[in-house]
Amino acid sequence: MADASYDFDFAVAGGGPAGSSAAISLGQRGHSVVLLERESFPRFHIGESLLSTANDAFAALGVRNKIEAACFPEKWGARLYTHNGQSGRYVDFTEVREVTRAQTFQVCRQEFDRILLERARDVGVDVRENCNVSACEFSEDAAILSVASRGDGATSRVRVRAVVDATGRAGLIARKFNLRTDEPRLANIAIFSHYTNVPRLEGPRPDDIRLIARSDAGWFWIIPISKELTSVGVVLPKALYRRLANGSSEETLNKAIADTPSVAKLMRQARREWPVRVEKDFSYSASTYAGDRWILAGDAGSFLDPVFSTGVSIAMESGIEAAAELHRALARNDFSASSFAAFSRRQRKRFESFRRFVVGFYTPQFRDLFFSPQPPKLIFRAVVTILAGKWNASLWTRFLNRLFFGMISIQKRFTITRRLFRRDPDAGYPGEMSSKGSIANGA
(Lines give C-alpha, C1' and ligand atoms only; values in the text may rest on other atoms or scores of the structure.)
Protein backbone atom coordinates (compact mmCIF):
# COMPACT_ATOMS: atom_id res chain seq x y z
CA MET A 1 0.00 0.00 0.00
CA ALA A 2 1.10 3.55 -0.61
CA ASP A 3 2.37 5.71 2.23
CA ALA A 4 -0.40 7.86 3.76
CA SER A 5 1.16 10.98 2.25
CA TYR A 6 0.67 9.54 -1.25
CA ASP A 7 -2.50 8.58 -3.07
CA PHE A 8 -0.60 5.75 -4.78
CA ASP A 9 2.98 4.61 -5.02
CA PHE A 10 3.08 5.29 -8.76
CA ALA A 11 0.99 6.77 -11.56
CA VAL A 12 1.05 5.77 -15.20
CA ALA A 13 -0.24 8.31 -17.72
CA GLY A 14 -1.51 6.49 -20.80
CA GLY A 15 -3.03 3.05 -21.27
CA GLY A 16 -1.47 1.86 -24.52
CA PRO A 17 1.06 -1.00 -24.64
CA ALA A 18 3.79 1.04 -22.90
CA GLY A 19 1.55 2.30 -20.09
CA SER A 20 -0.26 -0.99 -19.55
CA SER A 21 3.03 -2.91 -19.50
CA ALA A 22 4.50 -0.53 -16.91
CA ALA A 23 1.36 -0.69 -14.76
CA ILE A 24 1.15 -4.50 -14.96
CA SER A 25 4.81 -4.90 -14.01
CA LEU A 26 4.44 -2.53 -11.05
CA GLY A 27 1.24 -4.26 -9.93
CA GLN A 28 2.91 -7.66 -10.15
CA ARG A 29 5.51 -6.38 -7.68
CA GLY A 30 2.81 -5.40 -5.20
CA HIS A 31 2.91 -1.62 -5.63
CA SER A 32 -0.21 0.54 -5.59
CA VAL A 33 -0.66 2.01 -9.07
CA VAL A 34 -3.16 4.24 -10.83
CA LEU A 35 -3.32 4.17 -14.62
CA LEU A 36 -4.92 7.23 -16.21
CA GLU A 37 -6.11 6.78 -19.79
CA ARG A 38 -7.52 9.68 -21.78
CA GLU A 39 -9.84 7.59 -23.95
CA SER A 40 -12.34 4.80 -23.40
CA PHE A 41 -11.33 1.33 -24.57
CA PRO A 42 -11.64 -0.27 -27.03
CA ARG A 43 -10.41 2.45 -29.35
CA PHE A 44 -8.78 2.52 -32.78
CA HIS A 45 -5.00 2.57 -33.04
CA ILE A 46 -2.52 1.92 -35.81
CA GLY A 47 0.62 -0.20 -35.40
CA GLU A 48 -0.68 -3.73 -35.87
CA SER A 49 2.36 -5.88 -36.66
CA LEU A 50 4.55 -7.29 -33.89
CA LEU A 51 8.10 -8.62 -33.63
CA SER A 52 9.34 -11.98 -32.32
CA THR A 53 10.67 -10.42 -29.12
CA ALA A 54 7.11 -9.45 -28.16
CA ASN A 55 6.77 -13.04 -26.92
CA ASP A 56 9.20 -12.32 -24.08
CA ALA A 57 7.06 -9.38 -23.00
CA PHE A 58 3.87 -11.49 -23.13
CA ALA A 59 5.47 -14.02 -20.79
CA ALA A 60 6.69 -11.34 -18.38
CA LEU A 61 3.28 -9.66 -18.30
CA GLY A 62 1.33 -12.90 -17.88
CA VAL A 63 -0.76 -12.41 -21.03
CA ARG A 64 0.66 -15.09 -23.35
CA ASN A 65 -2.35 -17.40 -23.03
CA LYS A 66 -4.83 -14.57 -23.62
CA ILE A 67 -2.93 -13.35 -26.67
CA GLU A 68 -2.90 -16.84 -28.13
CA ALA A 69 -6.59 -17.35 -27.32
CA ALA A 70 -7.46 -14.17 -29.23
CA CYS A 71 -6.64 -16.01 -32.49
CA PHE A 72 -4.77 -13.10 -34.02
CA PRO A 73 -3.23 -13.87 -37.45
CA GLU A 74 0.17 -15.52 -37.11
CA LYS A 75 3.26 -13.70 -38.35
CA TRP A 76 6.41 -15.65 -39.17
CA GLY A 77 8.21 -12.91 -41.06
CA ALA A 78 7.74 -10.47 -43.91
CA ARG A 79 7.41 -10.69 -47.68
CA LEU A 80 9.33 -7.97 -49.50
CA TYR A 81 8.37 -6.84 -53.00
CA THR A 82 9.42 -4.11 -55.38
CA HIS A 83 6.72 -1.84 -56.80
CA ASN A 84 6.24 -4.03 -59.89
CA GLY A 85 6.53 -7.33 -58.04
CA GLN A 86 9.45 -8.45 -60.21
CA SER A 87 11.94 -8.70 -57.36
CA GLY A 88 11.84 -9.38 -53.65
CA ARG A 89 12.49 -11.92 -50.96
CA TYR A 90 11.27 -13.42 -47.69
CA VAL A 91 12.36 -12.24 -44.24
CA ASP A 92 12.02 -15.43 -42.18
CA PHE A 93 12.06 -15.02 -38.41
CA THR A 94 12.61 -18.78 -37.96
CA GLU A 95 16.17 -18.28 -39.21
CA VAL A 96 16.93 -16.14 -36.15
CA ARG A 97 18.74 -18.05 -33.41
CA GLU A 98 18.71 -15.34 -30.77
CA VAL A 99 14.96 -15.12 -30.06
CA THR A 100 13.04 -17.45 -27.76
CA ARG A 101 10.18 -17.89 -30.23
CA ALA A 102 10.03 -16.84 -33.87
CA GLN A 103 6.29 -16.77 -34.53
CA THR A 104 4.49 -13.62 -33.47
CA PHE A 105 1.21 -11.92 -34.44
CA GLN A 106 -0.58 -9.31 -36.52
CA VAL A 107 -3.10 -7.76 -34.14
CA CYS A 108 -6.25 -5.71 -34.13
CA ARG A 109 -5.08 -3.02 -31.74
CA GLN A 110 -8.53 -2.44 -30.24
CA GLU A 111 -8.53 -6.01 -28.92
CA PHE A 112 -4.81 -6.26 -28.21
CA ASP A 113 -4.68 -3.08 -26.15
CA ARG A 114 -7.85 -4.10 -24.31
CA ILE A 115 -6.22 -7.39 -23.26
CA LEU A 116 -3.26 -5.52 -21.77
CA LEU A 117 -5.47 -2.98 -19.99
CA GLU A 118 -7.64 -5.72 -18.48
CA ARG A 119 -4.52 -7.51 -17.30
CA ALA A 120 -3.55 -4.33 -15.46
CA ARG A 121 -6.89 -4.44 -13.65
CA ASP A 122 -6.37 -8.13 -12.86
CA VAL A 123 -3.12 -7.41 -10.99
CA GLY A 124 -4.73 -4.68 -8.88
CA VAL A 125 -4.03 -1.52 -10.86
CA ASP A 126 -6.64 1.24 -10.43
CA VAL A 127 -7.45 1.79 -14.13
CA ARG A 128 -9.31 5.03 -14.86
CA GLU A 129 -10.47 5.60 -18.42
CA ASN A 130 -11.64 8.95 -19.79
CA CYS A 131 -9.15 10.67 -17.51
CA ASN A 132 -6.75 13.08 -19.12
CA VAL A 133 -3.53 14.07 -17.36
CA SER A 134 -3.37 17.75 -18.23
CA ALA A 135 -0.25 18.66 -16.23
CA CYS A 136 2.38 17.18 -13.98
CA GLU A 137 4.43 19.02 -11.37
CA PHE A 138 7.30 17.78 -9.26
CA SER A 139 8.37 18.56 -5.72
CA GLU A 140 11.31 17.23 -3.77
CA ASP A 141 9.30 14.27 -2.51
CA ALA A 142 6.42 13.73 -4.96
CA ALA A 143 4.95 13.95 -8.43
CA ILE A 144 1.57 15.69 -8.56
CA LEU A 145 -0.69 15.06 -11.56
CA SER A 146 -3.60 17.26 -12.59
CA VAL A 147 -6.35 15.00 -13.95
CA ALA A 148 -9.48 16.04 -15.85
CA SER A 149 -12.41 13.67 -16.27
CA ARG A 150 -13.60 13.72 -19.87
CA GLY A 151 -16.99 12.55 -18.67
CA ASP A 152 -18.14 15.28 -16.29
CA GLY A 153 -15.24 17.73 -16.57
CA ALA A 154 -14.30 17.31 -12.93
CA THR A 155 -10.65 17.90 -12.05
CA SER A 156 -8.53 16.30 -9.36
CA ARG A 157 -4.94 15.99 -8.24
CA VAL A 158 -3.08 12.73 -7.71
CA ARG A 159 0.05 12.65 -5.55
CA VAL A 160 2.52 9.79 -6.12
CA ARG A 161 6.17 8.94 -5.57
CA ALA A 162 6.93 8.92 -9.32
CA VAL A 163 5.19 8.81 -12.70
CA VAL A 164 5.60 6.84 -15.90
CA ASP A 165 4.74 9.04 -18.89
CA ALA A 166 3.22 6.76 -21.55
CA THR A 167 1.16 9.46 -23.26
CA GLY A 168 2.57 8.60 -26.70
CA ARG A 169 3.18 11.38 -29.17
CA ALA A 170 1.30 13.81 -26.94
CA GLY A 171 4.46 13.67 -24.83
CA LEU A 172 3.27 15.21 -21.56
CA ILE A 173 6.68 15.42 -19.90
CA ALA A 174 8.86 15.54 -23.03
CA ARG A 175 7.06 18.71 -24.11
CA LYS A 176 7.08 20.15 -20.61
CA PHE A 177 10.88 19.94 -20.46
CA ASN A 178 11.52 20.42 -24.21
CA LEU A 179 13.24 17.05 -24.57
CA ARG A 180 12.35 16.10 -28.14
CA THR A 181 14.64 16.06 -31.15
CA ASP A 182 13.05 15.51 -34.56
CA GLU A 183 14.53 13.20 -37.18
CA PRO A 184 14.52 15.34 -40.36
CA ARG A 185 15.28 12.36 -42.61
CA LEU A 186 12.18 10.61 -41.29
CA ALA A 187 9.57 13.32 -41.79
CA ASN A 188 7.00 11.00 -43.32
CA ILE A 189 3.23 10.83 -43.75
CA ALA A 190 1.16 7.63 -43.38
CA ILE A 191 -2.19 7.21 -45.18
CA PHE A 192 -4.13 4.05 -44.36
CA SER A 193 -7.41 2.23 -43.89
CA HIS A 194 -8.85 -1.26 -43.33
CA TYR A 195 -10.18 -3.38 -46.19
CA THR A 196 -11.94 -6.65 -46.85
CA ASN A 197 -11.38 -8.90 -49.90
CA VAL A 198 -7.62 -8.44 -49.96
CA PRO A 199 -6.12 -11.81 -51.01
CA ARG A 200 -3.83 -13.51 -48.52
CA LEU A 201 -0.48 -15.01 -49.35
CA GLU A 202 -0.36 -18.51 -50.79
CA GLY A 203 1.35 -21.27 -48.84
CA PRO A 204 1.64 -22.23 -45.15
CA ARG A 205 2.13 -18.66 -43.86
CA PRO A 206 -0.72 -16.68 -45.44
CA ASP A 207 -0.82 -13.91 -42.82
CA ASP A 208 2.74 -12.59 -42.95
CA ILE A 209 3.12 -8.87 -43.48
CA ARG A 210 3.78 -7.70 -47.03
CA LEU A 211 6.08 -4.72 -47.47
CA ILE A 212 6.00 -3.27 -50.97
CA ALA A 213 8.51 -0.59 -51.89
CA ARG A 214 7.43 2.02 -54.40
CA SER A 215 9.88 3.06 -57.12
CA ASP A 216 10.41 6.28 -55.14
CA ALA A 217 11.17 6.43 -51.40
CA GLY A 218 7.65 5.45 -50.32
CA TRP A 219 6.37 2.02 -49.31
CA PHE A 220 3.16 0.11 -48.57
CA TRP A 221 2.22 -2.18 -45.72
CA ILE A 222 -0.38 -4.92 -46.12
CA ILE A 223 -1.19 -6.53 -42.76
CA PRO A 224 -3.95 -9.10 -42.12
CA ILE A 225 -5.42 -8.22 -38.71
CA SER A 226 -8.35 -10.66 -38.62
CA LYS A 227 -9.90 -13.33 -40.81
CA GLU A 228 -11.68 -10.61 -42.77
CA LEU A 229 -9.81 -7.34 -42.33
CA THR A 230 -6.50 -6.21 -43.79
CA SER A 231 -4.71 -3.01 -42.83
CA VAL A 232 -3.37 -1.27 -45.94
CA GLY A 233 -1.30 1.88 -45.79
CA VAL A 234 1.34 3.86 -47.61
CA VAL A 235 4.16 5.86 -46.04
CA LEU A 236 5.58 8.76 -48.02
CA PRO A 237 8.29 11.31 -47.29
CA LYS A 238 6.70 14.70 -46.72
CA ALA A 239 7.86 16.13 -50.06
CA LEU A 240 6.40 13.19 -51.99
CA TYR A 241 3.15 13.39 -50.07
CA ARG A 242 2.76 17.06 -51.00
CA ARG A 243 3.18 16.23 -54.68
CA LEU A 244 0.69 13.37 -54.52
CA ALA A 245 -1.96 14.91 -52.24
CA ASN A 246 -4.03 16.96 -54.67
CA GLY A 247 -7.43 15.86 -53.37
CA SER A 248 -9.01 14.15 -50.37
CA SER A 249 -7.27 11.55 -48.23
CA GLU A 250 -9.20 8.82 -50.05
CA GLU A 251 -8.11 10.14 -53.43
CA THR A 252 -4.48 10.34 -52.29
CA LEU A 253 -4.46 6.76 -51.04
CA ASN A 254 -6.22 5.51 -54.17
CA LYS A 255 -3.71 7.36 -56.33
CA ALA A 256 -0.77 5.81 -54.46
CA ILE A 257 -2.34 2.36 -54.87
CA ALA A 258 -2.99 2.89 -58.58
CA ASP A 259 0.58 3.91 -59.40
CA THR A 260 2.13 0.97 -57.51
CA PRO A 261 1.40 -1.99 -59.83
CA SER A 262 1.90 -4.85 -57.36
CA VAL A 263 -0.43 -3.14 -54.83
CA ALA A 264 -3.01 -2.22 -57.46
CA LYS A 265 -3.22 -5.88 -58.46
CA LEU A 266 -3.90 -6.98 -54.88
CA MET A 267 -6.52 -4.29 -54.31
CA ARG A 268 -8.66 -4.91 -57.40
CA GLN A 269 -11.50 -6.52 -55.43
CA ALA A 270 -10.82 -4.83 -52.09
CA ARG A 271 -13.54 -2.98 -50.23
CA ARG A 272 -12.70 -0.21 -47.79
CA GLU A 273 -14.41 -0.68 -44.40
CA TRP A 274 -12.99 2.27 -42.43
CA PRO A 275 -12.45 5.96 -43.13
CA VAL A 276 -9.04 6.76 -44.57
CA ARG A 277 -6.77 8.20 -41.89
CA VAL A 278 -3.67 10.33 -42.25
CA GLU A 279 -0.95 10.53 -39.59
CA LYS A 280 2.30 12.41 -39.46
CA ASP A 281 4.84 9.67 -38.79
CA PHE A 282 7.53 12.21 -37.93
CA SER A 283 10.17 10.31 -35.99
CA TYR A 284 11.79 11.80 -32.90
CA SER A 285 13.91 10.92 -29.89
CA ALA A 286 14.42 12.41 -26.44
CA SER A 287 17.54 14.00 -24.99
CA THR A 288 16.90 11.92 -21.86
CA TYR A 289 14.32 9.30 -20.96
CA ALA A 290 14.12 9.90 -17.23
CA GLY A 291 14.43 12.65 -14.65
CA ASP A 292 13.64 13.38 -11.01
CA ARG A 293 10.56 11.24 -10.26
CA TRP A 294 9.63 10.60 -13.90
CA ILE A 295 10.33 8.06 -16.64
CA LEU A 296 9.31 8.06 -20.31
CA ALA A 297 8.05 4.84 -21.94
CA GLY A 298 7.12 3.98 -25.50
CA ASP A 299 6.26 6.79 -27.90
CA ALA A 300 6.34 9.32 -25.06
CA GLY A 301 10.11 8.95 -25.27
CA SER A 302 10.78 8.26 -28.93
CA PHE A 303 8.99 7.26 -32.09
CA LEU A 304 10.36 5.54 -35.18
CA ASP A 305 8.91 5.25 -38.65
CA PRO A 306 6.86 2.01 -38.71
CA VAL A 307 8.67 0.34 -41.62
CA PHE A 308 10.07 -2.45 -39.41
CA SER A 309 7.11 -2.69 -36.99
CA THR A 310 9.15 -1.80 -33.90
CA GLY A 311 6.54 0.33 -32.12
CA VAL A 312 4.61 -2.13 -29.94
CA SER A 313 7.68 -4.17 -29.02
CA ILE A 314 9.63 -1.06 -27.97
CA ALA A 315 6.59 0.14 -26.02
CA MET A 316 6.16 -3.07 -24.02
CA GLU A 317 9.87 -3.51 -23.36
CA SER A 318 10.34 0.08 -22.22
CA GLY A 319 7.24 -0.15 -19.99
CA ILE A 320 8.53 -3.31 -18.31
CA GLU A 321 11.97 -1.73 -17.86
CA ALA A 322 10.45 1.47 -16.45
CA ALA A 323 8.62 -0.58 -13.81
CA ALA A 324 11.81 -2.39 -12.86
CA GLU A 325 13.59 0.96 -12.45
CA LEU A 326 10.86 2.36 -10.21
CA HIS A 327 10.83 -0.81 -8.12
CA ARG A 328 14.58 -0.45 -7.53
CA ALA A 329 14.22 3.28 -6.88
CA LEU A 330 11.65 2.63 -4.15
CA ALA A 331 13.93 0.09 -2.50
CA ARG A 332 16.74 2.69 -2.49
CA ASN A 333 14.38 5.59 -1.79
CA ASP A 334 16.13 7.40 -4.62
CA PHE A 335 14.04 8.73 -7.50
CA SER A 336 16.67 11.12 -8.83
CA ALA A 337 17.57 11.51 -12.48
CA SER A 338 21.05 10.18 -11.80
CA SER A 339 19.63 6.93 -10.44
CA PHE A 340 17.79 6.42 -13.76
CA ALA A 341 20.85 7.10 -15.95
CA ALA A 342 21.31 3.45 -16.98
CA PHE A 343 17.64 3.21 -17.98
CA SER A 344 17.95 6.32 -20.12
CA ARG A 345 21.08 5.01 -21.86
CA ARG A 346 19.34 1.71 -22.63
CA GLN A 347 16.36 3.42 -24.23
CA ARG A 348 18.62 5.55 -26.40
CA LYS A 349 20.72 2.55 -27.45
CA ARG A 350 17.59 0.61 -28.48
CA PHE A 351 16.32 3.58 -30.46
CA GLU A 352 19.62 4.11 -32.24
CA SER A 353 19.98 0.41 -33.07
CA PHE A 354 16.67 0.38 -34.93
CA ARG A 355 17.07 3.92 -36.28
CA ARG A 356 20.10 2.91 -38.31
CA PHE A 357 18.02 0.42 -40.27
CA VAL A 358 15.02 2.73 -40.64
CA VAL A 359 17.07 5.65 -41.97
CA GLY A 360 18.94 3.25 -44.23
CA PHE A 361 15.70 1.92 -45.69
CA TYR A 362 14.98 5.32 -47.22
CA THR A 363 18.07 5.12 -49.43
CA PRO A 364 18.15 3.27 -52.77
CA GLN A 365 21.42 1.50 -51.91
CA PHE A 366 19.93 -0.07 -48.77
CA ARG A 367 16.87 -1.13 -50.76
CA ASP A 368 18.98 -2.62 -53.56
CA LEU A 369 20.56 -5.01 -51.06
CA PHE A 370 17.52 -5.51 -48.83
CA PHE A 371 15.21 -6.47 -51.73
CA SER A 372 17.82 -8.55 -53.53
CA PRO A 373 16.49 -12.09 -54.11
CA GLN A 374 19.81 -13.64 -53.09
CA PRO A 375 21.72 -11.53 -50.53
CA PRO A 376 24.67 -13.04 -48.62
CA LYS A 377 22.96 -15.59 -46.38
CA LEU A 378 25.02 -15.16 -43.20
CA ILE A 379 24.91 -11.36 -43.32
CA PHE A 380 21.20 -11.25 -44.08
CA ARG A 381 20.46 -13.57 -41.15
CA ALA A 382 22.20 -11.03 -38.91
CA VAL A 383 20.02 -8.27 -40.40
CA VAL A 384 16.87 -10.33 -39.78
CA THR A 385 17.96 -10.89 -36.16
CA ILE A 386 17.72 -7.14 -35.53
CA LEU A 387 14.48 -6.87 -37.48
CA ALA A 388 12.94 -9.66 -35.36
CA GLY A 389 13.44 -7.27 -32.43
CA LYS A 390 16.76 -8.48 -31.01
CA TRP A 391 18.36 -5.04 -30.95
CA ASN A 392 20.88 -6.14 -28.27
CA ALA A 393 22.12 -9.06 -30.32
CA SER A 394 25.43 -10.91 -29.95
CA LEU A 395 28.75 -9.31 -30.87
CA TRP A 396 28.98 -11.59 -33.93
CA THR A 397 25.57 -10.48 -35.18
CA ARG A 398 26.45 -6.84 -34.65
CA PHE A 399 29.71 -7.33 -36.56
CA LEU A 400 27.85 -8.89 -39.49
CA ASN A 401 25.42 -5.97 -39.49
CA ARG A 402 28.36 -3.58 -39.75
CA LEU A 403 29.42 -5.56 -42.82
CA PHE A 404 25.93 -5.10 -44.26
CA PHE A 405 26.16 -1.33 -43.87
CA GLY A 406 29.66 -1.49 -45.34
CA MET A 407 28.15 -3.14 -48.41
CA ILE A 408 25.67 -0.27 -48.62
CA SER A 409 28.56 2.20 -48.66
CA ILE A 410 30.18 0.24 -51.50
CA GLN A 411 26.87 0.14 -53.40
CA LYS A 412 26.89 3.94 -53.35
CA ARG A 413 30.05 3.98 -55.46
CA PHE A 414 30.02 0.64 -57.28
CA THR A 415 27.30 -1.77 -58.33
CA ILE A 416 27.69 -4.94 -56.26
CA THR A 417 24.06 -5.96 -56.71
CA ARG A 418 21.48 -5.05 -59.33
CA ARG A 419 20.07 -1.55 -59.04
CA LEU A 420 16.36 -1.80 -58.35
CA PHE A 421 15.48 1.75 -57.25
CA ARG A 422 15.68 5.22 -58.71
CA ARG A 423 18.60 7.53 -57.88
CA ASP A 424 17.22 10.84 -59.14
CA PRO A 425 16.31 13.63 -56.68
CA ASP A 426 12.60 13.42 -57.57
CA ALA A 427 12.47 9.97 -56.01
CA GLY A 428 12.40 11.75 -52.66
CA TYR A 429 15.06 9.86 -50.75
CA PRO A 430 15.76 11.99 -47.66
CA GLY A 431 19.33 13.24 -47.53
CA GLU A 432 20.27 11.34 -50.70
CA MET A 433 21.93 14.32 -52.36
CA SER A 434 23.81 15.41 -49.24
CA SER A 435 27.51 14.75 -48.93
CA LYS A 436 27.41 15.06 -45.14
CA GLY A 437 26.35 12.51 -42.55
CA SER A 438 26.77 9.04 -44.03
CA ILE A 439 23.59 7.01 -43.72
CA ALA A 440 25.68 3.86 -43.81
CA ASN A 441 27.28 5.00 -40.59
CA GLY A 442 23.92 5.63 -38.98
CA ALA A 443 24.26 9.40 -38.96
**Study point:** region 1-40, residues that are of a type in the set (A, V, I, L, M), surrounded by fewer than 19 Cβ atoms within 10 Å (Cβ to Cβ) and in contact (Cβ under 8 Å) with a residue 60 or more places away in the chain
**Key:** Ala2
Practice item. Using the structure shown, decide if Gly389 is crowded, with 18+ Cβ neighbours inside 10 Å and at positive phi. Key: yes
Check your understanding: Hey, does region 73-94 have a residue that's modelled with pLDDT of 95 or more and among the polar types (S, T, N, Q)?
Key -> yes
**Study point:** Within region 184-286, strands (runs of 3 or more DSSP E) holding 2 or more residues that are within 17 Å of Ala78 (Cα to Cα)
**Key:** 209-213, 219-224, 230-237
Point to revise | Enumeration of residues in region 162-179 that are more than 13 Å from Gly298 (Cβ to Cβ) and open to solvent by 10 Å² or more (accessible area, probe 1.4 Å) | key: Arg175, Lys176, Phe177, Asn178, Leu179
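Has region 263-276 got any residue that is touching a residue at least 40 places away in the same chain (Cβ under 8 Å) and closer than 13 Å to Phe351 by Cα?
no
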Check your understanding: Taking Ser21 and the conditions (1) polar (S, T, N, Q); (2) assigned to a helix (DSSP H, G or I); (3) more than 21 Å from the chain's Cα centre (by Cα); (4) under 30 Å from Asp141 (Cα atoms), which numbered condition does it fall short on, given that it satisfies the others?
Key -> (3)
Review point. What residue, among those in region 286-306 that are charged (D, E, K, R) and over 14 Å from Phe340 (Cβ atoms), is least open to solvent (accessible area, probe 1.4 Å)?
Key: Asp305
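The values are calculated or read from the model by the stated rules, or taken from the named source; none is laboratory data. From a predicted model like this one, the values you see are computed outputs, not experimental measurements. Please note: Cβ atoms are built from the backbone with ideal geometry, for glycine as well, and neighbour counts cover all protein chains shown. To get the accessible areas, we keep the full protein, side chains included, count just its heavy atoms, and leave off ligands, DNA and RNA. Shrake-Rupley method; radii C 1.70, N 1.55, O 1.52, S 1.80 Å.
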